[in-house]
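See below for the structure under consideration.
Values in this text are rule-based calculations from the coordinates and carry no lab data. Only a predicted model underlies this, so the values are computations on that prediction, with no experimental measurement involved. Because the Cβ atoms are built from the backbone with ideal geometry, glycine has one as well, and the counts that use them run over all protein chains shown.
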């Protein structure tokens, strides 16, 4: 199933992603030391149009289909996990903002679609007090992946009147805001066990005015432009880059251990690892399981996307299938990277090794809510017919 679903745009975008490999790989260690992507890597991604591919055509974006976005993130994540994470997470956050912002705000935020990059997210960690023309926004937010190179920050808040949340049908009303990065304070607290180059720092804002034109309510506001992808619930949208990240890291872990296995015999063994039957068996299993997970990701997202192509609304079951395929990809990639890490022995312990970075990065990515254990509960409700979870 390698080629039948690729459009001409998809193929060109994948080639663009492959073109940045040399720069991304050569700067990955520096990004880990700095805690943020290098300017060289960021320049390569933007010049290749990879961030722009997530944006609506109306704003000068590429508006790539989900299958292309998954494969592009997979490719870049195989080059470096932190770079793949920033591309995928910032790309999808930018795409959501571009789809939902009012016209005036969208034209300002994405005035330069090649270099306009959002960071932030949608957990409601702040408070927004409505005033004439906009809101006064305050809050302490977490996990601002890519915040040090972003041009805009996305802050999601609960709307309040006085000290009480504003309610819609008994549920607190939430609103997201786009503010220039210079207006938030970034905290230097991203010292992590994986994805170290992502600058996923905390950030704060204190009683800043944000106009209505730079805000939107995801979940209640309909998309104003762009791909029907952004009509899905936020976790279903977010699952697209997550699937690519998991598959890319799993693929690279297998490539790394395969290269090492052909060369050096481990202490106590008389033959190279690649000639040992136990390793051959386990490597074949890991390869096959990852291929199976990848096939499930692409077939489920293709089915989900076909509904939109044919003018149908996606079914809850189709959305559950795509989300479950993403969670499965994470679990398989984590197992694959763990197998590769253990098989490499003591050589895998050193930070300059790419295998160790794959192992740490997939572990870190797995802590996200998208592939969390709770996701299986949501999908199980759908498959059992005992609920209609709103986040699927």
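Quick rundown of the values:
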item	result
Kirkwood Rh, Cα atoms: Rg over Rh of region 8-109	0.99
Angle in degrees between helix 234-261 and the longest Cα principal axis of the chain, rounded to the nearest 10	20 degrees
Rh (Kirkwood; distinct C-alpha pairs) - region 67-164, Å	14.8 Å
Relative packing of 282-293, 16-27, 192-203, which averages over residues the other C-beta atoms within 10 Å, highest first	192-203, 16-27, 282-293
The chain, relative contact order in percent, only Cα pairs under 8 angstrom and at least six apart counted	17 percent
Candidates 156, 326, 185, ranked by Gaussian network fluctuation over the chain, Cα under 10 Å, top entry	185
Most fluctuating residue given options 56, 228, 272, as computed from a GNM of the chain linking Cα atoms under 10 Å	272
Relative contact order (%) - region 223-277, alpha-carbon pairs under 8 angstrom, separation at least six	17 percent
Along principal axes, Cα extents of region 245-332, largest first, whole Å	61, 17, 15
Relative contact order computed over region 33-75 (Cα-Cα under 8 Å; 6+ residues apart), in percent	20 percent
CD proxy at 222 nm, helix term only [per DSSP H run n ≥ 4: -39500 (n - 2.57); per residue of the chain; nearest 500]	-16500 deg cm²/dmol
Highest-first arrangement of 379-386, 96-103, where packing means the average Cβ count within 10 Å	96-103, 379-386
Label point distance in nm, residue 7-residue 103, each placed 7 Å from Cα along Cα→Cβ	2.5 nm
Mean projection area, nm², convex hull over Cα of region 279-379	7.5 nm²
Taking the C-alpha atoms of region 118-216, convex hull volume expressed per residue in Å³	101 Å³
Peptides ranked, highest mean first, by Cβ atoms within 10 Å: ranges 69-77, 305-313, 130-138	69-77, 130-138, 305-313
